[in-house]
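K.L.:
I'd like to ask you about the structure that follows.
The values are calculated or read from the model by the stated rules, or taken from the named source; none is laboratory data. From a predicted model like this one, the values you see are computed outputs, not experimental measurements. No Cβ is skipped: glycine too gets one built from the backbone with ideal geometry, and neighbour counts run over all protein chains shown. These area figures cover heavy atoms from the full protein model, side chains too; ligands, DNA and RNA do not enter into them. Shrake-Rupley method; radii C 1.70, N 1.55, O 1.52, S 1.80 Å.
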Amino acid sequence: MKKLLVVLLTLMITACGLSLNVTADIDPPTTLGAPEHFGAGYYYNDSVYFTLSLPQDIRSYVEKRAADDPDNKQSLLLHFQFDYKIDNGSWHHTPAWDSPKTVPDGIDDIYFTFTNGKKYNSSDRWSMTSIFQENEDLKPFYEGGWDYLMSHSITFRARFAEPFDYGDTFVISPWSKEFTLSANAKAEYNKLINNAPALKSAEVEVSPSGEPYFKIKLDKVPGEVQDLNAMASSSVRTEIWMKRAGDKDFKYIHYDWVNWEYLEVEASDYFEGITQSYEADGYEIKSRYALDLREYKQSGIDSTTDVNIYGPFSNVISHNMPAWSEASSWATGELTKADSTGLIPDILKGADLTRPITREEFCELALLLYEKSTGKSPAPASPNPFTDTKNPQVLKAFALGITTGTSATTFSPQVLINREQCSTMLFRAIEAIHPNGDYSVSGIPDFPDQKAISSYAVEAAKYMSKLSIVKGDTKGYFMPKATTTAQEAAGYGMATREAAILMSVRTYGQMDTIKAISGDSKPDTTVSKPAAGTSDSNKPADWIIGTWGYSTSNGSVNLEISYEFKEDGTFCRITAPLVLYVRTGSVFEGKYRISGDKLILSDILKSTGPAKSNFDKIWYFEIESYDTKDIPVEDAEHQISRTAEGMLIIDGTEYTRGR
């Protein structure tokens, strides 16, 4: 009957001379991608929440259709079908489902509505026995509800089936990935929610009645969050937090369901008075994902109060806000310069800059210096070696060699950083910007407190002092770190956010000097070969001097290889495999020379023993004790070259410069 009414209505509209508003420019699709992030969440009796997202091809169709007719085609109604099987049984789909003319009642009228620029993910609740009224195998589920799922599972799949030709044929997508609903199938919800939203914009608009409201646009929801939302009955929330000019902290002001990529948030409580424009007002907006675990039945949470889990905060959208909330008067001049140059990362915008800086914050600061100086943005390290951060800025800095972890699997993002660590990290950033540089510190006098500086940081500290990037106190003390309990209690040697930003802006201001010293405006991309008839120099090539490293992992096995080439023509190579959390090492020491594109190693002695990592240096390992010592091995010859980015390639393997 419903299909007959649709046909009659179409004929009536045509007879009256009214347009069906079919645009020739945007033809309906002839194929459809499968639903993405499909899942099911238990509600009550046999009622289930189904959630799915549009694939990119349908998102694009929604957007093109809306652009073609913005007044009438902002939304798209799309029918879909879902199928099920119980335990290891059979699917219920039959060929009758494949045509609008034969599709069974119940299945024929399931749809979601998606909205251009706002909503590409949707959810609703259906009773299984109301959809499949004649299926006897669902009655135990109806009678037992959640208890039934304690000993049984129901596996679902979904597909789009839309009649774009007014009911003659279906355009059918492939089936989605299968989703199994069971009381015993619990996902790692803390892992899934550990993704930050990406804010695209946040603006204040004025309604026709003169009331202000925020118009907030978010990027596509991360896939893991969409998966969690689907299995938690579409209960993941997007929280909105706001800070006004003059406020010390952000405060929570609103939430909406994660299905929405566009939010309108009433804002009259956050601005004084009614005006025609709020352009002059200062505010910041950020967001995060949240879930009350009571909505995810498999979590086993039974509580009368909220049991929320949260993801990390998004980037911050700032409007007419000062770049910091608190700063020392002596620092404001250079801080203003850093802000105008774009050298203050989002993570520090609006922050109290007098407070100590964390490893995560300094990583973002150093990476931003690299990006501003080179015009490049590296890819994040993949796979992510860390279990305690997913921050892409940290992973980019790690990929460049600017930072290391605090262990093989941890980064410790909230640990505070001291002055010698800041100097070292910033020095690595400079080396990444100008990889062929001359970073000599010969002639630079020792600091009065040089004995307190860790050996790995001495070169960086002297170089930073040489260029007046990191300054000591009036007596010349570098103050690298606290070495006594009293110093630790007083915060001695710790770097503040404002001091770190000043280091960055001073470095940026010295880039022309650094570049002139380094002479790398046109870096060599390969190791040059000597002309015919010439002999090699006994002096090592300057560019190769230093430490280089390579790392690879496969499951519980990790391999680290590092080379250290010294000015005196000697080398040290450490091969340090990690198998089942036990690291052993082989040390090769001897002489080296370069002949054309050949690296020749000679007079090699090999030692072996258990190894440990020194995470203060990149690609640096130490042998704790020796099982064998100074065993002679044969000379070796390797093919070498150098990339435009300054990487060392030995026999086809790429090594990154370290410290």
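K.L.:
Once the Cα gyration tensor of the range 153-206 is found, what semi-axes does its equivalent ellipsoid get, as square roots of 5 times the eigenvalues, in whole Å, sorted largest first?
P.N.:
On the way: eigenvalues 202, 158, 15 Å².
Working through the eigenvalues yields semi-axes of 32, 28, 9 Å.
K.L.:
Among 173-180, 508-515, how do they line up by average Cβ neighbours within 10 Å per residue, starting with the highest?
P.N.:
Details: 173-180: 17.9, 508-515: 15.4.
Going from most to least packed, we get 173-180, 508-515.
K.L.:
To continue, here is another question. So what's the range 50-117 giving for Cα Rg divided by 2.2 N^0.38 Å, two decimals?
P.N.:
Details: Rg = 15.4 Å, N = 68, 2.2 N^0.38 = 10.9 Å.
In units of the globular-protein estimate, the range 50-117 measures up at 1.41.
K.L.:
May I ask you to compute the full-extension gain from Ser329 to Glu266, defined as 0.36 nm times their residue separation minus their alpha-carbon distance, rounded to one decimal in nm?
P.N.:
Details: separation 63, 0.36 × 63 = 22.68 nm, distance 3.72 nm.
Full extension from Ser329 to Glu266 adds 19.0 nm.
K.L.:
Per residue, how much space in cubic angstrom lies within the convex hull of the C-alpha atoms of the range 284-386?
P.N.:
Details: hull volume 17.6 nm³, N = 103.
That works out to 171 Å³ per residue.
K.L.:
Shifting gears a bit: Translational diffusion coefficient, Stokes-Einstein: compute it for the range 84-164 using the Kirkwood radius over C-alpha pairs as Rh, at 37 °C and 0.692 mPa s, and state it as an integer in µm² s⁻¹. Walk me through the numbers before you get to the answer.
P.N.:
Working: Rh = 14.8 Å.
D = 222 µm²/s.
K.L.:
Okay, next question. Using label points projected 7 Å from each Cα along Cα→Cβ, tell me how many nm separate Glu205 and Lys598, to one decimal.
P.N.:
Result: 7.1 nm between the two label points.
K.L.:
To continue, here is another question. Before anything else, pin down the relative contact order of the range 65-188: Cα pairs under 8 Å, at least 6 apart, normalised by residue count, whole percent. Don't jump to the answer; show the numbers that get you there.
P.N.:
Details: 175 pairs, mean separation 36.0, N = 124.
The value is 29 percent.
K.L.:
If you take all C-alpha pairs in the range 109-266, what percent of them are over 24 Å apart?
P.N.:
Numbers: 6551 of 12403 pairs.
The proportion of pairs with Cα distances above 24 Å equals 53 percent.
K.L.:
Report the label-to-label distance for Asp438 and Cys572 in nanometres (one decimal), using points 7 Å from each Cα along the Cα→Cβ vector.
P.N.:
2.7 nm
K.L.:
Can you work out the accessible area per residue across the range 106-152, with the rest of the protein chains kept in place, probe 1.4 Å, in square angstrom?
P.N.:
50 Å²
K.L.:
Would you mind computing, in nm to one decimal, how far apart the modelled labels at Thr374 and Ser303 are, each placed 7 Å from Cα along Cα→Cβ?
P.N.:
Simple spin-label model gives 4.5 nm for this pair.
K.L.:
What percentages make up the Cα-Cα pair-distance distribution of the range 17-156 when the bins are 10 Å wide from 0?
P.N.:
The percentages, shortest bin first, are 10, 34, 31, 17, 7, 1.
K.L.:
Given Cα pairs under 8 Å that are at least 6 residues apart, what percent is the relative contact order of the range 149-251?
P.N.:
On the way: 115 pairs, mean separation 18.3, N = 103.
Worked out over the range 149-251, it gives 18 percent.
K.L.:
Could you list, in their original order, any pairs among Lys200/Lys372; Lys119/Lys186; Lys390/Lys462; Lys215/Lys297; Lys220/Lys286; Lys462/Lys606 whose Cα atoms are separated by more than 24 Å? Show your work: numbers first, answer last.
P.N.:
On the way: Lys200/Lys372 21 Å; Lys119/Lys186 27 Å; Lys390/Lys462 33 Å; Lys215/Lys297 33 Å; Lys220/Lys286 16 Å; Lys462/Lys606 34 Å.
Check vs 24 Å cut-off fails for Lys119/Lys186; Lys390/Lys462; Lys215/Lys297; Lys462/Lys606.
K.L.:
While we're here: Given contacts defined as C-alpha pairs under 8 Å and at least six residues apart, what's the relative contact order of the range 80-129, whole-number percent?
P.N.:
27 percent
K.L.:
Further, regarding this structure: Can you give the extra length, in nm with one decimal, that the chain gains between Glu134 and Asn72 once fully stretched, where that is 0.36 nm per residue apart less the Cα-Cα distance? All intermediate terms of the calculation are to be shown ahead of the outcome.
P.N.:
Numbers: separation 62, 0.36 × 62 = 22.32 nm, distance 3.93 nm.
Once the chain is fully extended between Glu134 and Asn72, it gains 18.4 nm.
K.L.:
Per 5 Å bin, what is the whole-percent P(r) computed from every C-alpha pair distance within the range 234-334?
P.N.:
Spelled out bin by bin, the range 234-334 gives 2, 10, 17, 18, 16, 13, 10, 7, 5, 2, 1, 0 percent.
K.L.:
Rg(Cα) of the range 20-80 divided by 2.2 N^0.38 Å?
P.N.:
Numbers: Rg = 15.0 Å, N = 61, 2.2 N^0.38 = 10.5 Å.
Taking the Cα Rg and dividing by 2.2 N^0.38 Å, one obtains 1.43.
K.L.:
Here is a follow-up. May I ask you to order 122-128, 243-249, 143-149, 90-96 by the average number of other C-beta atoms within 10 Å around their residues, highest value first? Numbers along the way, then the final one.
P.N.:
On the way: 122-128: 17.6, 243-249: 13.6, 143-149: 15.3, 90-96: 11.9.
Order by mean packing, descending: 122-128, 143-149, 243-249, 90-96.
K.L.:
Let me ask another. How big is the convex hull of the Cα atoms of the range 351-441, per residue, in Å³? Mind showing how you got there, number by number?
P.N.:
Working: hull volume 10.5 nm³, N = 91.
Cα convex hull per residue, to the nearest whole number: 115 Å³.
K.L.:
If packing is taken as the average number of other Cβ atoms within 10 Å across a peptide's residues, how do 183-192, 35-44 rank, most packed first? Spell out each step's value before the answer.
P.N.:
Working: 183-192: 14.7, 35-44: 21.8.
The packing order, highest mean first, is 35-44, 183-192.
K.L.:
What does the charge dipole of the range 245-369 about its Cα centre add up to, to the nearest 20 debye, if the Cβ of each Lys and Arg holds +1 and the Cβ of each Asp and Glu holds -1? Working shown, then result.
P.N.:
Working: 10 positive and 23 negative charges, 92 e Å.
The calculation lands at about 440 debye.
K.L.:
Continuing with the same structure: Between Asp627 and Glu654, what FRET efficiency comes out of the Förster formula 1/(1 + (r/R0)^6) with R0 = 25 Å and r the beta carbon distance, rounded to 0.05?
P.N.:
Rounded to the nearest 0.05, the efficiency is 0.25.
K.L.:
What percentage of the solvent-accessible surface of the range 300-341, computed with a 1.4 Å probe over protein heavy atoms, is contributed by carbon and sulfur atoms? Before the final figure, lay out each step's value.
P.N.:
Details: 1180 of 2480 Å².
Carbon with sulfur: 48 percent of the solvent-accessible area.
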